[in-house]
1. Is there a residue in the stretch 62-71 that is away from the ligand (no atom under 16 Å from the Cβ) and either open to solvent by less than 20 Å² (accessible area, probe 1.4 Å) or at pLDDT 95 or above (or both)?
2. Tally time: how many residues in the stretch 200-226 are touching a residue at least 60 places away in the same chain (Cβ under 8 Å) and either part of a strand (DSSP E or B) or not charged (D, E, K, R) (or both)?
3. Take the residues of the stretch 31-54 that are more than 7 Å from the ligand (Cβ to nearest atom) and among the basic types (Lys, Arg): which is most open to solvent (accessible area, probe 1.4 Å)?
4. Among the residues of the stretch 74-96, which ones are hydrophobic (A, V, I, L, M, F, W, C) and within 13 Å of the ligand (Cβ to nearest atom)?
5. Only one residue in Ala119, Ala173 is under 16 Å from Ile92 (Cβ atoms), part of a helix (DSSP H, G or I) and small (Gly, Ala, Ser), so which one is that?
6. Tally up the residues in the stretch 128-163 that are basic (Lys, Arg), surrounded by fewer than 23 Cβ atoms within 10 Å (Cβ to Cβ) and in contact with a helix residue (DSSP H, G or I) (Cβ under 8 Å, 6 or more places away or on another chain), please.
7. Assuming Lys79 fulfils every condition listed in (1) surrounded by fewer than 19 Cβ atoms within 10 Å (Cβ to Cβ); (2) out of contact with any strand residue (DSSP E or B) (no Cβ under 8 Å at 6 or more places or on another chain); (3) farther than 23 Å from Gly163 by Cβ; (4) in contact (Cβ under 8 Å) with a residue 40 or more places away in the chain apart from one, which condition is it?
8. Among the residues of the stretch 118-151, which ones are among the hydroxyl-bearing types (Ser, Thr, Tyr) and without any contact (Cβ under 8 Å) to a residue 12 or more places away in the chain?
Amino acid sequence: MRIDLTNQKILVTGASRGIGRAIAEQLAAAGAQVGVHYFRNADTAQHVAENIRRGAITFQADLSKPVEVIQLFENVVAKFGRLDGIVNNAGIAVSADVEGDDIAFTDSWSKTMLVNLHATGLLCKKAITHFIEHGGGRVINIASRAAFRGDTGEYLAYAASKGGIVALTRSIARSFGKQGVKAFTVAPGFTRTDMAEDFIKKYGEDYVKSDIALTSLTKPEDIAPTVAFLASGYADHATGSTISINAGSYMY
Ligand SMILES: NC(=O)c1ccc[n+]([C@@H]2O[C@H](COP(=O)([O-])OP(=O)(O)OC[C@H]3O[C@@H](n4cnc5c(N)ncnc54)[C@H](OP(=O)(O)O)[C@@H]3O)[C@@H](O)[C@H]2O)c1
């Protein structure tokens, strides 16, 4: 079996850093033309696109703004002509203390939902109609172990947003498979990125390591090959399923 994504055009959100960057690199290494979406880190996104080559192009959008989400999808299709896959990876983890201020809690909840869930839902809507018109395509949504195991008390919104992504992905798989749309969830556990650093600072690396079955913490490069496999079509009959990559820290 050889994973060959030549002729595939795939958008990866949040590809400037962390897991998204590793996914963009892996997809391009398998031959895909990648849309490298970023929010604030234009330079690093440009660096990623130049490094992976194969016609990769950067696209900027603040996913907390629905207008920019729609524009992002339309810009990518305008540049690439068509899309074969989308990896909804961009996400934020904003902590909020349940004993803290109600307005601050609401603000962090709203921001989290806008970026993690609303933007993903809207990009899925755009992708579904585009894929149906163009003979099919694949949606790969990056959720989290938190959707299944739950998270710590200050990340309630984060866990809830990721639970929403799982339900969204399964609904797409059930509803649009006959029209050629396949949908998968990838649920990473703790993965060494900027997002994870805050947690490490607070709880310590030993705490995180004690949680996993393996000896080393998961890196973005441990997530990316699974995404390339799902994008390849070899796993199409697993549509609707979730692949957990959490170093054996939670099995379900
Ligand atoms: N790291 C973990 O332990 C872990 C565990 C489970 C699941 N995940 C999930 O995996 C995905 C990637 O996480 P990561 O750890 O790689 O995150 P990260 O290193 O913090 O990178 C976040 C990415 O999202 C983009 N982004 C942030 N806010 C945005 C906004 N408002 N609009 C558009 N893009 C925005 C960033 O773009 P810029 O850099 O351009 O600003 C960046 O590319 C997320 O969905 C996360 O929830 C991570």
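The values are calculated or read from the model by the stated rules, or taken from the named source; none is laboratory data. The structure presented is a predicted model; accordingly, all values stated were derived computationally and were not measured. Note: ideal-geometry Cβ built from the backbone for every residue, glycine included; neighbour counts use all protein chains shown. Please note that ligands, DNA and RNA were not included when accessible areas were found on the heavy atoms of the full protein model with its side chains. Shrake-Rupley method; radii C 1.70, N 1.55, O 1.52, S 1.80 Å.
1. No, there is no match, as no residue in the stretch 62-71 is away from the ligand (no atom under 16 Å from the Cβ) and either open to solvent by less than 20 Å² (accessible area, probe 1.4 Å) or at pLDDT 95 or above (or both).
2. Adding up the residues that qualify gives 4.
3. Ranking the candidates gives Arg53 first.
4. Taking the stretch 74-96 first, the residues hydrophobic (A, V, I, L, M, F, W, C) are 76-78, 80, 83, 86-87, 90, 92-94, 96.
If the condition is that a residue be hydrophobic (A, V, I, L, M, F, W, C) and within 13 Å of the ligand (Cβ to nearest atom), then Val87, Ala90, Ile92, Ala93, Val94 are the ones that fit.
5. Values: Ala173 fails: under 16 Å from Ile92 (Cβ atoms).
Sole residue among the options that is under 16 Å from Ile92 (Cβ atoms), part of a helix (DSSP H, G or I) and small (Gly, Ala, Ser): Ala119.
6. Residues meeting the conditions: 0.
7. Only one criterion is unmet by Lys79, namely (2).
8. Passing the criteria: only Thr129.
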